[in-house]
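> Okay, here's the structure, questions in a sec.
Values in this text are rule-based calculations from the coordinates and carry no lab data. Because the structure is a prediction, the values reported are computed rather than measured. Counting neighbours? That spans all protein chains shown, and the Cβs are built from the backbone with ideal geometry, glycine included.
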Amino acid sequence: MKVIFVGAGPGDPDLLTVKAQRLLRQCRICVYAGSLVSPEVVGLVPKDAALHDSASMTLEQIEAVFVSGQQQNTDVIRLHTGDPAIYGAIREQMNVLDRLGIDYEVVPGVSSFQAAAAALKTELTAPEIAQTIILSRTSGRTPMPAKQELAELARTESTLCLFLSVHKLATVADELIPYYGADCPIGVIFRASWPDEMIVEGTLTDIAPKVTEAGITKTAMIIVGPALSRDIPVSKLYHRHFSHGYRSADGSADGSDGAGS
């Protein structure tokens, strides 16, 4: 018997890994992250399986389900949204399992920041503009380490993907403008890949009122940075004058393919 932490992905069941789909269809006991997991994903669990909504459960109650699975010699699926390694609170559950002597594994999933980037039809990196992506959040009931406050991250001018922060969007925009500029592109994606997905795009100057008008107050990803702009330098990767291990550069001046040179 083991506990299997499974990434439920961003919402669309087609974005589950093949392994995750197989495990869900075969599972007998499942603890899932409440309304954060789409009904379509939960619907893959057999109707006669034991389902537990962790939204109303304490760690001790989740532990009791793990113990029940151990007593029945039945695997327990612990279903987390997105990828379990990002804001999944799986460490404390693993500590419980270590204490109980119960084996476990992790099945990764597509994160909401990836689904949000797909919804925006954008690339999060750009040559000579942004080669770093930062996954973070704003402070709230869970405080941020001082060196990881938003202003500190903004100094890098990286692409920022902010979880759990849309309710503070106006403050986020004000903090980022000194580093990214008022016209920096930003996107807010509500429930990326869900049927009711909503996308709001703008600049740091106008995004907050747009999102307020759209009625988005939670369950949204913020992506911001100059890499979101289409008006940026072209990558060298496919440039005809750029050579790498799989292709020689075209050094001809007349635009020919350089054959025989």
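> Of these, Gly202, Gly181, Gly140, which one is of a type outside the set (Val, Ile, Thr) and in contact with a Lys or Arg (Cβ under 6 Å, 6 or more places away or on another chain)?
Working: Gly181 fails: in contact with a Lys or Arg (Cβ under 6 Å, 6 or more places away or on another chain); Gly140 fails: in contact with a Lys or Arg (Cβ under 6 Å, 6 or more places away or on another chain).
None of the others qualify; the one that does is Gly202.
> On to the next question. Name the residue that is nearest to Ala220 (Cα to Cα), counting only residues in region 19-56 that are touching a residue at least 40 places away in the same chain (Cβ under 8 Å) and either under 20 Å from the mean Cα position of the chain (by Cα) or surrounded by fewer than 20 Cβ atoms within 10 Å (Cβ to Cβ) (or both).
First, pick out the residues of region 19-56 that are touching a residue at least 40 places away in the same chain (Cβ under 8 Å): 19-20, 23-24, 27-33, 36-38.
Next, only the ones that are either under 20 Å from the mean Cα position of the chain (by Cα) or surrounded by fewer than 20 Cβ atoms within 10 Å (Cβ to Cβ) (or both) stay: 19-20, 28, 32-33, 36-38.
On the way: Lys19: 26, Ala20: 24, Arg28: 31, Tyr32: 20, Ala33: 16, Leu36: 11, Val37: 14, Ser38: 14 Å.
Checking each candidate, the answer is Leu36.
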